[in-house]
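**Q** After the structure tokens below, expect a handful of questions from me.
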Amino acid sequence: MPPRILLTSFTTWLPHHKSNSSDDLIAKIHELYLTNSDLKLPLLTVLRKLPVDTEQASNYVNSKITEIQPTAIICCGMAESRSQLTVESHATCGDVVMRSPIDLEQLIAELSMTQISHDAGKFVCEGLYFAVLNHITTQKLNTNCLFVHVPILTDENIQQVTKDFILIIQKMALL
């Protein structure tokens, strides 16, 4: 069975947001996946515009994980203050820390627009990441999960951010 990757993104949450860069990136990736067979992406399931509510988003994503049993999960959120893609090393809830089992240094080794972050944001992004990592652990699922924060997309960074994100998807499919 070919690898199946679940991609998620959020909707906007502040009045000045015209869009959410995580959703913009996922939409672009999904369009490329559907129209470019040379891209060599694994099977993708896309959950776009998740509500900016930790419980609702987590319940929905975890139910989809149970339903489709993806090989890997890449959850995405917008980080207005960041200038690069950032892969999150862990998520916390209270005193509990859930760490990504992925070798992040190796994952981003060849990427020019991506770095590792140790601060998932203390908001819905971290809440979703924690809930998904916890779901994988408690259900003993054979899947990997990564959270990627996406900077505001501009004409100057969109091509490199997209290129790096495609490489992340391809590498996650091989884990």
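The values are calculated or read from the model by the stated rules, or taken from the named source; none is laboratory data. As the structure is a computational prediction, the values presented were derived from the model and not from experiment. Counting neighbours? That spans all protein chains shown, and the Cβs are built from the backbone with ideal geometry, glycine included. For the accessible areas, the whole protein counts, side chains as well, though only heavy atoms, and no ligand, DNA or RNA atoms are used. Shrake-Rupley method; radii C 1.70, N 1.55, O 1.52, S 1.80 Å.
**Q** Please tell me if residue 18 is of a type in the set (D, E, K, R) and over 24 Å from residue 134 (Cα atoms).
**A** yes
**Q** Show the residue pairs meeting these rules: Cβ distance below 7 Å; 6+ apart or different chains; first residue within the range 25-44 and on the phi > 0 side of the Ramachandran plot; second residue surrounded by 15 or more Cβ atoms within 10 Å (Cβ to Cβ) and in a helix (DSSP H, G or I).
**A** Once the first residue is on the phi > 0 side of the Ramachandran plot and sits in the range 25-44, its partners that are surrounded by 15 or more Cβ atoms within 10 Å (Cβ to Cβ) and in a helix (DSSP H, G or I) give 40/170.
**Q** Counting just the residues of the range 135-148 that are touching a residue at least 40 places away in the same chain (Cβ under 8 Å) and under 21 Å from residue 55 (Cβ atoms), which one comes out farthest from the chain's Cα centre (by Cα)?
**A** Looking at residues that are touching a residue at least 40 places away in the same chain (Cβ under 8 Å) and under 21 Å from residue 55 (Cβ atoms), I get 139.
**Q** Still on this structure, please answer the following. Do you know which of the residues in the range 146-171 that are part of a loop (DSSP other than H, G, I, E, B) and more than 27 Å from residue 127 (Cβ to Cβ) is most open to solvent (accessible area, probe 1.4 Å)?
**A** The residue in question is 156.
**Q** May I pose another question? Among the residues of the range 67-83, which ones are in a helix (DSSP H, G or I) and not β-branched (Val, Ile, Thr)?
**A** Of everything in the range 67-83, just one residue is in a helix (DSSP H, G or I) and not β-branched (Val, Ile, Thr), namely 67.
**Q** Please work out if residue 174 is at pLDDT 95 or above, over 20 Å from residue 31 (Cα atoms) and not acidic (Asp, Glu).
**A** Details: at pLDDT 95 or above: no; over 20 Å from residue 31 (Cα atoms): yes; not acidic (Asp, Glu): yes.
It is false that residue 174 is at pLDDT 95 or above, over 20 Å from residue 31 (Cα atoms) and not acidic (Asp, Glu).
**Q** Scan the range 130-175 for residues that are of a type in the set (S, T, N, Q), in contact with a Ser or Thr (Cβ under 7 Å, 6 or more places away or on another chain) and under 19 Å from residue 4 (Cα atoms) and jot them down.
**A** 143
**Q** Which of the residues belonging to the range 29-66 are at pLDDT 95 or above, part of a helix (DSSP H, G or I) and charged (D, E, K, R)?
**A** 55, 64
Per-residue answers, yes or no, for (1) crowded, with 23+ Cβ neighbours inside 10 Å; (2) closer than 20 Å to residue 175 by Cα:
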residue: 2; (1), (2): no, yes
residue: 5; (1), (2): yes, yes
residue: 13; (1), (2): no, no
residue: 24; (1), (2): no, no
residue: 30; (1), (2): no, no
residue: 39; (1), (2): no, yes
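**Q** Restricting to the range 57-97, name every residue that is without any contact (Cβ under 8 Å) to a residue 60 or more places away in the chain and crowded, with 19+ Cβ neighbours inside 10 Å.
**A** The answer is 91, and nothing else.
**Q** May I ask you to list the residues in the range 149-170 that are touching a residue at least 12 places away in the same chain (Cβ under 8 Å) and of a type in the set (Asp, Glu)?
**A** 164
**Q** Sticking with this one: Within the group 83, 58, 117, which residue is under 14 Å from residue 22 (Cα atoms) and not hydrophobic (A, V, I, L, M, F, W, C)?
**A** Residue meeting the stated conditions: 83.
**Q** Limited to the range 98-145, what total is found for residues that are of a type in the set (Asp, Glu), assigned to a helix (DSSP H, G or I) and open to solvent by 80 Å² or more (accessible area, probe 1.4 Å)?
**A** Summing the residues that are of a type in the set (Asp, Glu), assigned to a helix (DSSP H, G or I) and open to solvent by 80 Å² or more (accessible area, probe 1.4 Å) in the range 98-145 gives 1.
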